[in-house]
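Worksheet: one structure, shown below.
The values are calculated or read from the model by the stated rules, or taken from the named source; none is laboratory data. Being a predicted model, the structure only gives us computed values, none of them experimental. Quick reminder, even Gly has a Cβ in these numbers, built from the backbone with ideal geometry, and neighbours come from all protein chains shown. Calculation scope for accessible area: heavy atoms of the full protein, side chains included, ligands and nucleic acids excluded. Shrake-Rupley method; radii C 1.70, N 1.55, O 1.52, S 1.80 Å.
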Amino acid sequence: MKLNHNARPDQNWLRALMFTIFGSTVLVVSYFQLYFSHLGFSRAEIGYLYGIGPLISVFSNMFWSMASDRYQTVRKVMIILLGGQLITGIMLANATTFGQVFVLVTLFYFFYYPVYPLSDTMAITTASKYGRNFTSIRVFGSIGYAFFALSIGYFLGSFGPAWTIWVCVGLAATTLLISFQLKDQPSGSSSKNGPIGVMGYFETQRCAHLFWLCIFACHGTSHERSFSYHHAKRSGCQRGADRLVFADLFRK
């Protein structure tokens, strides 16, 4: 099968998107707790900030998936979501009280969680359109996770957790610029196996359920890491606490 000459640029930009969005996953799952602790929040308050995420994801995923299917576009919805992350991230960087941070983190989660199923839907549709393997695109998300886990860890270790949100803003801005280069794949695009909508993706792709189960599990272990971090910090081991969180990224 001869591939369309636009296939390679489409796939490369999508791989770049996968690579960068998982940098945000590294921040949310592992490094946000350092920032919240830097603001002086207690363990219970950090638990509330992490616990609200899965609850928000239930509604945000459904809302944005329905919007994508209704208007037959994934790219435009992705741009809205990434723009929302960028704006809420900038606002979050200037928030100091728990009430302000709680509201803004809730808004951030509303724009954060749906990016992953939508990007996977776009990857599946693109791979099916050009007769390529979905894994050849999706694997760049795992590579990006490993890369940003190391690079962000070293960066925050050198400059301090106060820069956490600004790193998040930078990643959101970079991902937003990449999303403008993507070729839109309508949510109901046809393939050899029939239409693939975002809601259909949740119904037919078992990997989606496994993926979100892993995300929720990561949130659970994040609480454990948070408590371990605070215990180390209370013992006067600030540098050791930072290394504890960094090392936990690769414990699995």
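How much FRET efficiency would the formula 1/(1 + (r/R0)^6) give for A146 and T97, where r is the Cβ-Cβ distance and R0 is 41 Å, rounded to 0.05?
Details: r = 35 Å, r/R0 = 0.85.
About 0.75, to the nearest 0.05.
In terms of modelled amide H atoms, which long-range or inter-chain residues lie less than 5 Å from the amide H of F134?
none
Can you send over the solvent-accessible area of T20, 1.4 Å probe, protein chains only, in Å² to the nearest 10?
10 Å²
How high is the relative contact order of the stretch 47-131, in percent, counting Cα pairs under 8 Å that sit 6 or more residues apart?
With pairs under 8 Å counted, the relative contact order is 42 percent.
What list of ³J(HN,Hα) values in whole Hz, one per residue of the stretch 112-122 in order, does the Karplus curve 6.51 cos²θ - 1.76 cosθ + 1.60 (θ = phi - 60°) give from phi, with Gly and Pro shown as x?
After applying 6.51 cos²θ - 1.76 cosθ + 1.60, I find 7, 5, x, 4, 6, x, 5, 5, 5, 4, 5 Hz.
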